[in-house]
Amino acid sequence: MARIVCKFGGSSVADATQFRKVKDILEGNPERKIVVVSAPGKRNPQESKLTDLLYSVYDLAKNNLELAEPWKLIKDRFIEITKELNLRSYIREELDALEKSLLEQSSELTVDFVVSRGEYLCAKIMSEFLGAKFVDAYPLIQFDSQYRVTQQSLDNLNAALSDTNPLYVVPGFYGSDMQGNLKTFTRGGSDITGGILANACDCLLYENWTDVSGLLMADPRIVKGAHSINYVSYREIRELAYSGANVLHDESIAPCRAKSIPINIKNTNKPSDPGTTIGPTPVHSPRIITGIAGRKDFSMIYIEKSMMNKEKGFGRKVLAILEDLGVSYELSPCGIDSMNVVVDTKSLSKVEAEVLAEIERKMQPNKIKVFTKLALIATVGHGMVNQIGTAARLFGILAKEKINVRIIDQGSSEINIIVGVNEADFEKAISAIYSEFVD
Ligand code: ASP
């Protein structure tokens with residue numbers, strides 16, 4: 001029987017009312033057999049996500065500080081959910097054991113273990129509420145330091161969930177490293193668990209349930225009334241998610257893409273809305289572009305050296321310096337005698353002095369300078385391929401709005417034009433591009 005993996009994000013499991021909505025959704029389609037949950041999220045904007053509270057209690061315990069206040073918020077939330085759903089309260093024992101280990105500062109307690117308990121306990125409660133089988137992700141999903149999941153993990157999951165009859169609940173966000181230590185993915189990583197399960201169990205579809213009815217063409221805080229996207233290809237969503245579109249973890253796409261499994265982003269609070277489907281086929285949007293996304297907090301290292309173009313290995317050596325100091329780069333637009341490397345400001349700031357000193361020492365440039373407070377904006381769409389004049393329209397509107405473009409990058413695939421602008425122009429640039437291409 002074909003199965004659907006349903007991942008429910010933090011807002012979809014924030015309280016007992018949301019748990020009931022999850023149950024209704026699952027009952028609405030018998031193919032929905034595999035459930036992945038996040039930890040309970042915020043019930044209102046003032047509240048903290050349970051994962052953030054778990055990070056706080058770990059830090060407080062480690063520094064020998066009072067953790068009673070955030071711990072009470074964690075405990076109360078779980079107990080409240082179980083009480084309202086009339087479940088047995090065995091969860092108390094697990095919570096008490098965790099509190100005890102935190103207070104005793106048990107040496108086995110790692111930050112990854114503590115924060116993973118948000119998903120673990122949520123999945124335990126959900127499986128009891130649904131009468132489903134709980135399958136822990138910890139011994140089954142194993143990944144290396146680059147978060148690459150092993151083939152063995154896929155085989156493990158396939159075997160553990162091979163019976164297609166039961167409903168399974170699996171906690172998202174964690175697994176183990178190659179040494180068998182419990183490890184979390186990066187933040188928002190329950191999406192990745194959903195993608196891995198879809199792949200391992202050869203599912204028909206991966207439904208990602210959240211609190212919005214799919215993806216919008218631009219951030220609605222910047223473009224009021226931005227249109228929704230009905231369909232987007234894997235390649236487009238990868239570019240948009242990487243560039244800041246904040247709905248789906250960008251690393252959750254590859255496992256589905258590997259087996260052409262479509263992903264449907266759906267709204268738990270409006271389940272009949274179609275949401276956004278992500279699939280293999282590139283579709284040319286009549287609007288030319290499919291979406292716009294962007295991120296702030298970038299810096300650009302500008303390196304100038306005469307006759308740079310003749311110096312073999314110049315770029316490789318600069319990038320090796322960054323690699324050795326643990327800074328990954330986003331883009332590297334080059335001139336004849338100049339090279340720019342765009343990096344995340346946060347990762348550069350920790351080692352900026354060393355990076356500059358190493359470049360000075362090894363490359364002996366004529367000039368080296370770091371520009372900060374840059375933003376990157378990606379305009380994405382298969383509709384741009386072979387469409388003469390798209391770049392002219394994009395740069396034309398930015399010029400008309402008097403926005404200085406600091407960086408330009410268009411991949412050879414032609415589905416993404418990236419521009420770098422000063423952070424102060426970020427919102428204005430996104431609104432301008434949107435208005436140029438979308439009504
Ligand atoms: N709970 C984790 C986080 O807040 C993982 C997730 O929700 O996907 O990042």
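The values are calculated or read from the model by the stated rules, or taken from the named source; none is laboratory data. No experiment lies behind these values; they were computed from the predicted model shown. All Cβ positions, even for glycine, are placed from backbone atoms using ideal geometry, and neighbour counts span all protein chains on display. Just so you know, the surface numbers come from the protein's heavy atoms only, side chains and all, with ligands and any DNA or RNA stripped out. Shrake-Rupley method; radii C 1.70, N 1.55, O 1.52, S 1.80 Å.
Values computed for the structure shown
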quantity	calculated
Descending principal axes extents, region 359-413, alpha-carbon based, whole Å	46, 28, 17
Binned Cα-Cα distances of region 334-439, short to long, each 5 Å bin given as a whole percent	2, 10, 19, 19, 17, 13, 9, 7, 3, 0, 0
Nearest-ten-degree value, helix 352-363 long axis tilted from longest Cα axis of the chain	40
Between helix 111-130 and the chain: long-axis angle, C-alpha atoms, 0 to 90°, nearest 10	50
When each of LYS49/LYS100; LYS75/LYS183; LYS305/LYS402 is checked by Cα-Cα distance, pairs over 28 Å	LYS305/LYS402
Inter-label distance, nm, simple model (7 Å from Cα along the C-beta direction), ALA97/ALA320	5.0
Per residue value of the accessible surface for region 268-394 (all protein chains in place, 1.4 Å probe), Å²	51
Sites ASP163 and SER260 - FRET efficiency at Förster radius 30 Å, r taken between beta-carbons, to 0.05	0.75
The chain, Rg to Rh (Cα coordinates; Rh as Kirkwood inverse mean 1/r)	1.00
Distance (nanometres) between label positions extended 7 Å along Cα→Cβ at HIS284 and ASN29	3.0
Span from the region 398-439 Cα centroid across to the region 78-150 one, whole angstrom	44
Choice from GLY279, GLY225, GLY195 showing the highest fluctuation, given a GNM over the chain with Cα pairs closer than 10 Å	GLY225
Choice from SER38, SER12, SER162 with maximal GNM fluctuation in the chain (Cα, 10 Å cutoff)	SER162
Cα→Cβ-extended label distance, 7 Å offset, between ASP136 and MET178, nm	2.4
Gyration tensor (alpha-carbon) shape descriptor, region 73-151, a/c threshold 1.5	oblate
Those residues of region 253-287 whose amide nitrogen sits under 16 Å from the label point placed on THR17, 7 Å along Cα→Cβ	268-271
Linear extension gain, ALA399 paired with ASN269, 0.36 nm per residue minus alpha-carbon span	42.7 nm
Tilt relative to the chain, helix 68-84 - C-alpha long axis, 0 to 90 degrees, to 10	60
Fully extended contour minus Cα-Cα distance, from THR372 to LEU87, at 0.36 nm per residue	97.3 nm
